[in-house]
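Colleague: Handing you a structure now.
The values are calculated or read from the model by the stated rules, or taken from the named source; none is laboratory data. As the structure is a computational prediction, the values presented were derived from the model and not from experiment. Cβ coordinates were reconstructed from backbone atoms using ideal geometry, including for glycine residues, and neighbour counts include every protein chain displayed. Side chains are part of the model used for accessible areas, which takes the heavy atoms of the whole protein and leaves out ligands, DNA and RNA. Shrake-Rupley method; radii C 1.70, N 1.55, O 1.52, S 1.80 Å.
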Amino acid sequence: MKTLIRNGRVVTASDDYHADILIEDEVVTVIGAKLELEVDHVIEAANRLVIPGGIDPHTHMELPFGGTQASDDFRTGTIAAAYGGTTSIIDFAVQYQGQSLLEGLDNWHAKAEGKAAIDYGFHLITTELVDRQIEEMYTVMDEGVTSFKLFMAYPGVFLVDDATIFRAMSAAGKRGGLICMHAENGVVINEIIKRALQEGRTAPKYHALTRPTIAEAEGVHRAIAISEMAEAPVYIVHLSSTDALNQVRQARDRGLPAFAETCPQYLFLSVENYNEPGFEGAKYVMTPPLRERSNQDELWKGLKMDDLQVISTDHCPFCFKEQKELGLTDFTKIPNGAPGVENRIPLIFNGGVIENRISLNRFVELTSTAAAKIFGMFPKKGTIAVGSDADIVIFDPEAEQTISVRTSHMNVDYNPYEGKKIRGAVVTVLSRGRVIIEDGRYKGRPGDGQFLKRGACAADF
Ligand code: URP
Ligand code: ZN
Ligand code: ZN
């Protein structure tokens, strides 16, 4: 099967030029000017951007959490991702206490098997790691799961102590693995929450008011300090505030291999959303919470200056009806998380490129290339180059759209960006050479997505 993408403006993290792209079966085989070739299928891309498929390294499909389960499974969530120009996700498998690491991983393979519309990898949330489990950690890495998420938050659920963090970082670091850190001081936060509940503060906004930015900054500081002692890199997930960013900045200025991602919700939404009428603030209950608007400019600056390397979504949707409503009388019972996998690329194109905060190349780097490098998938993923997988998005930079739950494909009954008008839209999406989104329709088959066996962390450090 030969496909030719003609007359497009090819943009990668480093290049920007007009060219034709020949795809043979699953990979890019020729890039050149005005290719005259016999092919099976031609895609006209004049006046369009041709960019690498997005990589979202932070999703939670079907995650059991907060007394319920994330409402997207690997079928609905990856189809929605494809509509939004994302062609690879890295989802978080979970090893629960008392389980082996491999059991946790097997459970996630079973969830995803035969369902995914795009390629998918896993990180492994690790809730227990004693010395005798280190060999198993290496087995997990040999199976292509080279990153692990540890939590400083959610005592009694996911939280691990500093000894476990040090042990995990030391062990993973020795073999090119990476620890992703949910950095918030959950122990202190729980005390603040107890006090709030005793005082009768139960509305959704108290989720934010009980999780101060200093709790995040302390977590980031501690995570980086432990990684320095372990002589290993660290990747801070869903960084939300200036206070936390300053900790990453200082570490990077000292030359430490500290990486961090932020998410669209921290760039476009704010603590003001918790004041929406009635119980609507529950739609934005996620962890870390939305912050004061003043944090946003600093996060954009961090993205521009490479103190933040990646924009992921932390896609963890729960329906407003019946799921978010579990916390009607107590904000601690609202399942934490929000949808976003479908909206990330158009939102960042509009807020970043159209609104002149980042360059087009940086947009590609933040939404695709950097994650491919950090998480051991480059150059198979994250770029358009001869030999790379033909995960390609044809993007119309002039199209206008209004984000709405009515036109979204995520399996959830609201959209946090409802009514937001943006410029730029995904037109066509190819996953390993197959057209999966065209004319506003999904044309693939669930199960086409393959498990991504990832290599060592390959970021520059
Ligand atoms: O609220 C969030 N972020 N839910 C998903 C779990 C996590 O901490 O990433
Ligand atoms: Zn987290
Ligand atoms: Zn998450």
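Colleague: What is the set of long-range amide H partners of G8 at a cut-off below 5 Å, with H atoms built 1.01 Å from backbone N?
Modeller: A19, A45
Colleague: With runs of 4+ DSSP H residues as the only contributors, calculate the mean residue ellipticity of the chain at 222 nm using -39,500 (n - 2.57) per run, divided by the residue total and rounded to the nearest 500.
Modeller: Helix contribution divided over all residues of the chain: -7500 deg cm²/dmol.
Colleague: Another question about this same structure. Counting alpha carbon pairs within less than 8 Å and at least 6 residues apart, what relative contact order, in whole percent, applies to the chain?
Modeller: Numbers: 1137 pairs, mean separation 100.6, N = 461.
Relative contact order here is 22 percent.
Colleague: I would also like to ask the following. If amide H atoms are built 1.01 Å from N in the plane of the peptide, which residues on other chains or at least 5 residues away come under 5 Å of the amide H of K420?
Modeller: Close amide H contacts, sequence-distant or interchain: I403.
Colleague: While we're looking at this one, here's another question. What is the percent carbon and sulfur in the accessible area of the chain, measuring with a 1.4 Å probe over the protein chains and ignoring ligands?
Modeller: It is 48 percent, rounded to a whole number.
Colleague: Give the relative contact order (percent, whole number) for segment 222-291; include only Cα pairs under 8 Å separated by 6+ residues.
Modeller: Across segment 222-291, relative contact order equals 32 percent.
Colleague: While we're looking at this one, here's another question. Let a ≥ b ≥ c be the square roots of the eigenvalues of the Cα gyration tensor of the chain; is it rounded (a/c under 1.5), or, if not, prolate (a/b larger than b/c) or oblate?
Modeller: prolate
Colleague: With the Cα gyration tensor of segment 195-322 giving a ≥ b ≥ c as the square roots of its eigenvalues, does the rule (a/c under 1.5 for rounded; else a/b larger than b/c for prolate; else oblate) give rounded, prolate or oblate?
Modeller: prolate
Colleague: In Å², and per residue, what accessible area does the chain have when probed at 1.4 Å with the other protein chains present? Write out the running numbers ahead of the final one.
Modeller: Numbers: 17150 Å² over 461 residues.
Accessible area per residue: 37 Å².
Colleague: I'd like the chymotrypsin sites (Phe, Trp or Tyr not before Pro) in segment 1-96 restricted to DSSP loop residues with at most 16 other Cβ atoms within 10 Å, sorted by number.
Modeller: Working: sites: Y17, F65, F74, Y83, F92, Y96; in loops: Y96.
Filter output for segment 1-96: Y96.
Colleague: Give K149/K324; K149/K420; K321/K453 a once-over and call out the pairs whose C-alpha atoms are over 27 Å from each other. Present the calculation step by step, with values, prior to reporting the outcome.
Modeller: On the way: K149/K324 25 Å; K149/K420 32 Å; K321/K453 37 Å.
From K149/K324; K149/K420; K321/K453, over 27 Å: K149/K420; K321/K453.
Colleague: To continue, here is another question. For the ranges 232-243, 413-424, what's the packing order if you count other beta-carbon atoms within 10 Å of each residue, average per peptide, and put the highest first?
Modeller: The densest-packed peptide leads the list: 232-243, 413-424.
Colleague: From the backbone phi of segment 42-49, what are the Karplus-calculated ³J(HN,Hα) couplings (6.51 cos²θ - 1.76 cosθ + 1.60, θ = phi - 60°) in whole Hz, Gly and Pro given as x?
Modeller: Ordered by residue, 3J(HN,Hα) equals 10, 10, 7, 10, 4, 6, 10, 8 Hz.
Colleague: Still on this model: If amide hydrogens are placed 1.01 Å from N in the peptide plane, which non-local residues have theirs closer than 5 Å to the one on A117?
Modeller: T78, I79, G447, G449
Colleague: I've got another one for you. Sort the following peptides by mean Cβ neighbour count (other Cβ atoms within 10 Å, averaged over residues), highest first: 269-279, 29-39, 357-367.
Modeller: Per-residue mean Cβ counts within 10 Å order the peptides as 357-367, 269-279, 29-39.
Colleague: Work the Kirkwood hydrodynamic radius out for segment 374-461: mean of 1/r over every pair of different alpha-carbon atoms, inverted, in Å.
Modeller: 15.5 Å
Colleague: Would segment 1-123 count as rounded, prolate or oblate if I go by the C-alpha gyration tensor, calling it rounded below 1.5 in a/c and otherwise prolate when a/b exceeds b/c, oblate otherwise?
Modeller: Numbers: a/c = 2.98, a/b = 2.67, b/c = 1.12.
The shape class here is prolate.
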